[in-house]
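Asks: Structure provided below as structure tokens; questions to follow.
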Amino acid sequence: DTLSKNYAYGGDLETEMYGSFLKTDHLARAGVNIQRDELEDEVLEGQVGFGHQDRTTVSGFLQDEIVLPGGQVSLLAAGRLEYSDDQGTHPTGKIGLVWRCLERAHVKANLENTFRLPTFRELYYPDQGWIRGNPALEPEKSVNVDFGFGFSLPRLFFETAGFHNDVKETILWLPVSPFTIQPVNIGKVDIWGAEVDCEARPWDFLSLMVNYLYLNAEVEETGKQMPGRPEHTVNARGSFEGFYGDLYAELQYMSAIPVTAGGEVILGWRTVVNLGGRLNLLALPPFERWKCLESLSLGLDVNNVGDVSVKDVRGLPLPGRAFFGTIQTSF
């Protein structure tokens, strides 16, 4: 048996100020954060544990959102400095642009670099025989850029964006043996892709949504798609809403998902459909006089209607067809 105790505590302080300068409007924000992580584990004689581990992280940020004269162009500039007693000091920053080129249309772009420390869960997850942490992990670093445009009409919203992320020392939970899962650094990953989001409400009672994501995430060392990331993902939802309740249908399609770094294990493509609805009980005669309640509804959800064989990105099986009943109320 092992006993692991994880503690995380700290605090943050933020402030913001709005004002005008040289005919431009500014929303400035600043903040500091401090966090302390500690781990204590106890193992039986002859076992290997992590012992006492601790880390203190201090960070501060400055950000200014600038609206140029006319209100059509907004600029964002942000900087962050982070210090940890095990990885030293690392600066990051971001610049962004939103141009409202037409009354209901916009163009946006962002450029940023990021730095992420491994979490204590990733570093020191207790060895349970089939899953364990990895104290040798290196921090993730990346440079990200995206560009997109969109428009909004009274009953239609559309937005699309393209992106490129250059990630170094990517951290992923992967099978490192036939019986063990562990977080590892898989090296440099070149990620690029595009996303399309469309929402429509042809009538007040009908809502439609579809989202498509194309993701090409190539691991430099293997030349293969990044484990756990499908190349194509589609999410769609339609719902009917009325006085007596609502009905909805959801669909998710995922293309094949590699599980191992070398692509030896691949999960096949899948399409999963969910159905459900809510009945507004307060609209029915027996409950109309319950004036003390703001809402009262009875719901039924059926997930994975087709009972499709689904596994998570590590290859572990997930539930098939499942039924959920809910009663929800508010006063």
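The values are calculated or read from the model by the stated rules, or taken from the named source; none is laboratory data. None of these values were measured; they are calculated from a predicted model. Don't worry about glycine lacking a Cβ; one is built from the backbone with ideal geometry, like all the others, and counts go over all protein chains shown. Please note that ligands, DNA and RNA were not included when accessible areas were found on the heavy atoms of the full protein model with its side chains. Shrake-Rupley method; radii C 1.70, N 1.55, O 1.52, S 1.80 Å.
Asks: Helix-only estimate, please: 222 nm mean residue ellipticity of the chain, summing -39500 (n - 2.57) across DSSP H runs of length 4 or more and dividing by its residues, to the nearest 500.
Replies: After summing the helix terms and dividing by the residues of the chain, the value is -500 deg cm²/dmol.
Asks: Related question: Give a quick list of GluC sites (Glu not before Pro) in region 80-118 that DSSP marks as loop, anything other than H, G, I, E or B, with at most 10 other Cβ atoms within 10 Å.
Replies: Filter output for region 80-118: Glu103.
Asks: Scaled to the compact-protein estimate 2.2 N^0.38 Å, what is the alpha-carbon radius of gyration of the chain, rounded to two decimal places?
Replies: 1.24
Asks: Give the calculated FRET efficiency between Val302 and Ala8 to the nearest 0.05, with a Förster radius of 30 Å applied to their Cβ-Cβ distance.
Replies: That pair, Val302 with Ala8, gives E of 0.20.
Asks: Taking 41 Å as R0, compute the FRET efficiency from the Cβ-Cβ separation of Ala236 and Leu44 and round it to 0.05.
Replies: Once rounded, the FRET efficiency stands at 0.20.
Asks: Among the listed pairs Lys23/Lys94; Lys168/Lys224; Lys108/Lys224; Lys23/Lys108; Lys94/Lys168; Lys141/Lys311, which are separated by more than 25 Å between their Cα atoms? Show your work: numbers first, answer last.
Replies: Values: Lys23/Lys94 23 Å; Lys168/Lys224 16 Å; Lys108/Lys224 31 Å; Lys23/Lys108 22 Å; Lys94/Lys168 18 Å; Lys141/Lys311 29 Å.
Correct reply: Lys108/Lys224; Lys141/Lys311.
Asks: Can you work out the FRET efficiency for the pair Val273 and Phe243, with r the C-beta to C-beta distance and R0 = 45 Å, to the nearest 0.05?
Replies: Once rounded, the FRET efficiency stands at 0.95.
Asks: Same structure, new question: Kindly report the accessible area of the chain per residue (heavy atoms of protein chains, probe 1.4 Å, no ligands, DNA or RNA), in Å².
Replies: Here the per-residue accessible area is 61 Å².
Asks: Residue by residue through region 253-268, which ³J(HN,Hα) values in whole Hz follow from phi under the Karplus form 6.51 cos²θ - 1.76 cosθ + 1.60 (θ = phi - 60°), with glycine and proline marked x?
Replies: Per residue, the Karplus-derived 3J(HN,Hα) values read 10, 10, 6, 4, 10, x, 9, 9, 4, x, x, 5, 10, 10, 7, x Hz.
Asks: Moving to a separate point now. Report the chymotrypsin sites (Phe, Trp or Tyr not before Pro) located in region 1-68 that are in a DSSP loop and have at most 15 other Cβ atoms inside 10 Å of their Cβ, or state none. Numbers along the way, then the final one.
Replies: On the way: sites: Tyr7, Tyr9, Tyr18, Phe21, Phe50, Phe61; in loops: Phe50.
Loop-located and lightly packed - none at all.
Asks: Trypsin sites (Lys or Arg not before Pro) within region 1-52: which are DSSP loop residues with at most 16 other Cβ atoms inside 10 Å?
Replies: Sites meeting the loop and neighbour criteria: Lys23.
Asks: If contacts are Cα pairs under 8 angstrom and at least 6 residues apart, what is the relative contact order of the chain in percent?
Replies: Numbers: 851 pairs, mean separation 25.2, N = 331.
Reported as a whole number, the value is 8 percent.
Asks: How many percent of the accessible area of region 164-240 is carbon or sulfur, using a 1.4 Å probe?
Replies: 57
Asks: When each pair of different Cα atoms in region 1-120 is counted once in the 1/r mean, what is the Kirkwood radius in angstroms, to one decimal? If you can, show how the numbers build up before the last one.
Replies: Numbers: mean 1/r = 0.0564 Å⁻¹.
Computed over Cα pairs of region 1-120, the Kirkwood hydrodynamic radius comes out at 17.7 Å.
Asks: Looking only at region 144-175, which residues have a backbone nitrogen under 14 Å from a spot 7 Å from the Cα of Asp190 in the C-beta direction?
Replies: Correct set: 164-168.
Asks: Let me ask something else. Quick check: residue separation of Leu102 and Tyr253 times 0.36 nm, minus the Cα distance between them. What number comes out in nm?
Replies: That works out to 51.0 nm of additional length.
Asks: Count charges around Arg29 for me, please; just the other residues with Cβ under 15 Å from its Cβ, Lys/Arg as +1, Asp/Glu as -1.
Replies: Spelling it out: positives minus negatives among the neighbours equals -4.
Asks: With +1 assigned to the C-beta of every Lys and Arg and -1 to the C-beta of every Asp and Glu, and no other charges, what is the dipole magnitude of region 84-148 about the Cα centre in debye, to the nearest 20? Show your work: numbers first, answer last.
Replies: On the way: 8 positive and 9 negative charges, 79 e Å.
In total the dipole reaches around 380 debye.
Asks: How much length, in nm to one decimal, is gained on full extension between Asp166 and Thr180, taken as 0.36 nm per residue of separation minus their Cα-Cα distance? Numbers along the way, then the final one.
Replies: Values: separation 14, 0.36 × 14 = 5.04 nm, distance 2.85 nm.
Working it through step by step, the gained length comes to 2.2 nm.
Asks: For Glu199 and Arg36, compute 0.36 nm times the residue count separating them, minus their Cα-Cα distance, and round to one decimal in nm.
Replies: 54.4 nm
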